[in-house]
Amino acid sequence: MEELKSGNTAKLEVLDQEGSRWILKGEDEDLMMNVSDAEEDIQVGDTVHVFLYANRRGELTATMKMPNMTNGTYGWAKVLRVDDQEGVYVDIGSSFEVLVNGNDMPKVRALWPKMGDELYMTLRTDLGGQIFGRLATEERVIEQITEATPALLNRNLKARAYRLLPVGSFMLSIPENYRIFIHNSEQEREPRLGQLVDVRIIGNRDDGTVNGSMLPRKEERLDDDAEKIFAYLNEIGGRMPFWDKSSPEEIKEIFDMSKASFKRALGTLMREGKVTQSDGWTTQI
């Protein structure tokens, strides 16, 4: 039988029930499991498959709610909250949340994940038995990926960034687990770690991985004037006091374009569903 310690799984006999807790047969002493942690109807005498962890008092505790990953296996964990000093707390799909240390996060704070992003990771335990999260290394990711085929070329996929470098972003497609590299010249801005983005496959590699792009196809890109206005909106927070009835002088001063060009560009942005206009203001959607 696998050693009964935090971070391991085990099959244990149900000995009794005391109030809101089941008593499970351990080695030197019995273990407790909250009734709410039973994933099925169980009775005294049953053998149950459980995951072991140290509770807040440091006591070895059991749950039938298996995490998305264990020590030695990998999976996605959803970000619950971010603490600038400690790091990122994530939901691993079990009865408790775990911390991914801030030292494992990108050096640039803006690239840290936000609530709802997901991290590809495994579990580790410290000397006291407390479980924490550890981001998957490149070596381990390579062991987990699905080999890509030429048929993926020019397809759009959903993917999450698992590693960020100055040269570009490394991603895993969801749910296929294709490994995608996106050179920094193929992204308008660097994604956050764990952020879900749209990726277009632009090249196949001999090792079964692919290259991708986060830029729109040429026919999908905005013209220069629309890009200029949209970039201005991004810079000032998504709302500007200019619209198609603004004076030619204002438009020339701010955007260095004619009113006719400005109106055409706004029309493009509205058709693309990127902005709306109302009462003298243009607002990014």
>> Pull out all pairs, ordered by first then second residue, where Cβ-Cβ is under 7 Å, the residues are six or more apart or on different chains, the first lies in the stretch 135-154 and is without any contact (Cβ under 8 Å) to a residue 60 or more places away in the chain, and the second is in a helix (DSSP H, G or I) and surrounded by 10 or more Cβ atoms within 10 Å (Cβ to Cβ).
In response: L135/D104
>> Suppose we filter K245, K274 for residues that are in contact with a helix residue (DSSP H, G or I) (Cβ under 7 Å, 6 or more places away or on another chain), of a type in the set (D, E, K, R) and either closer than 25 Å to N184 by Cβ or not assigned by TED's automatic domain parsing to the domain that holds L196 (or both); which single one remains?
In response: K274
> Would you pick out the residues in the stretch 143-155 that are among the aliphatic types (A, V, I, L, M) and either closer than 13 Å to M121 by Cβ or touching a Lys or Arg at 6+ places or on another chain (Cβ under 7 Å) (or both)?
Replying inline: I145
> Just one of the numbered conditions (1) modelled with pLDDT of 95 or more; (2) under 22 Å from S6 (Cβ atoms); (3) buried (at least 16 other Cβ atoms within 10 Å of the Cβ); (4) of a type in the set (D, E, K, R) is not true of E86; which one?
Replying inline: (3)
> For the stretch 78-99, which residues satisfy the criterion of being assigned to a loop (DSSP other than H, G, I, E, B) and either without any contact (Cβ under 8 Å) to a residue 12 or more places away in the chain or not charged (D, E, K, R) (or both)?
Replying inline: Q85, I92, G93, S94, S95, F96
> Can you tell which of Y120, Y53 is more than 30 Å from M171 (Cα to Cα), touching a residue at least 12 places away in the same chain (Cβ under 8 Å) and part of a strand (DSSP E or B)?
Replying inline: Y53
> So P175 fits all but one of (1) under 19 Å from the mean Cα position of the chain (by Cα); (2) free of Cβ contacts under 8 Å to residues at least 40 places away in the same chain; (3) farther than 17 Å from P106 by Cβ; (4) surrounded by 14 or more Cβ atoms within 10 Å (Cβ to Cβ); what number is the exception?
Replying inline: (4)
>> Tell me whether the stretch 188-210 contains one or more residues that are of a type in the set (S, T, Y) and touching a Lys or Arg at 6+ places or on another chain (Cβ under 6 Å).
In response: yes
> Where residues in the stretch 271-280 are modelled with pLDDT of 90 or more and surrounded by 13 or more Cβ atoms within 10 Å (Cβ to Cβ), which of them is farthest from the chain's Cα centre (by Cα)?
Replying inline: Q277
>> Let me spell it out: the conditions are (1) assigned to a loop (DSSP other than H, G, I, E, B); (2) more than 22 Å from the chain's Cα centre (by Cα), and M69 meets all of them except one. Which number is the exception?
In response: (2)
>> Any residue that is within 24 Å of T122 (Cβ to Cβ), outside the structural domain of V108 (by TED's automatic domain parsing) and under 34 Å from the mean Cα position of the chain (by Cα) - is there at least one of those in the stretch 82-93?
In response: no
>> in a loop (DSSP other than H, G, I, E, B), β-branched (V, I, T), farther than 30 Å from E139 by Cβ and not assigned by TED's automatic domain parsing to the domain that holds G128: is that true of V14 in this structure?
In response: no
>> Looking at G133, G212, G194, can you tell me which residue is under 23 Å from the mean Cα position of the chain (by Cα), at pLDDT 95 or above, buried (at least 18 other Cβ atoms within 10 Å of the Cβ) and in a loop (DSSP other than H, G, I, E, B)?
In response: G194
>> in a strand (DSSP E or B) and either surrounded by 12 or more Cβ atoms within 10 Å (Cβ to Cβ) or hydrophobic (A, V, I, L, M, F, W, C) (or both): is that true of G267 in this structure?
In response: no
> Any idea which residue in the stretch 243-263 is surrounded by the most Cβ atoms within 10 Å (Cβ to Cβ), counting only those that are touching a residue at least 24 places away in the same chain (Cβ under 8 Å) and assigned to a helix (DSSP H, G or I)?
Replying inline: F262
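The values are calculated or read from the model by the stated rules, or taken from the named source; none is laboratory data. Only a predicted model underlies this, so the values are computations on that prediction, with no experimental measurement involved. Don't worry about glycine lacking a Cβ; one is built from the backbone with ideal geometry, like all the others, and counts go over all protein chains shown.
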